Every structure is written in C-alpha cells, then in structure tokens.
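Since every read-out is calculated from the coordinates, none of them should be taken as a lab result. Note that the structure is predicted; figures quoted are calculated from it, not measured. Ideal geometry is used to build each Cβ from the backbone, glycine not excepted, and the neighbour counts take in all protein chains shown.
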Amino acid sequence: MTQRVKVQIRCKRCGERFVLKGKRERGKLDTGFKQCLCDNDTDFDISEERL
C-alpha cells in the first residue's frame, strides 16, 4: 500500500530547508531528494506527515 506524505528535510550542516511530497511504501520513504545545495548527502533532520 502506497501512502502519500509531506516530508520536511533540514540540512544539519548549512540549515537549508526543503519541503517535498513523497511516497511511503513497504516502510521506505521516496522523495527523489539526493543532496543539499552545500553538497551534503548524509546529515539531515527528516520529518514527515501524512497527507
């Protein structure tokens, strides 16, 4: 079952914030997000809420 979610991502290095729509399927979250503008690709605060 696919669930639509609103995802908020905050970079812990530069503080940049992103708000995306994504899918939660089989316990995995998919938004297509790869990396921050500061080239960080691992160190994030991620929160989500159901739509």
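When only Cα pairs under 8 Å and 6 or more residues apart are kept, what is the percent relative contact order across the chain?
It comes to 46 percent, rounded to a whole number.
Counting only other residues whose beta carbon sits under 10 Å from that of ASN40, what net charge do I get with K and R as +1, D and E as -1?
After counting each charged neighbour, the total is -2.
Given the chain reduced to its alpha-carbon atoms as identical point scatterers, what log10 I(q)/I(0) does the Debye formula return at q = 0.15, 0.16, 0.17, 0.21 Å⁻¹?
-0.39, -0.44, -0.49, -0.71
In the neighborhood of MET1, defined by Cβ-to-Cβ distances under 15 Å, what is the net charge if each Lys or Arg adds +1 and each Asp or Glu adds -1?
Here the charged neighbours net out to +4.
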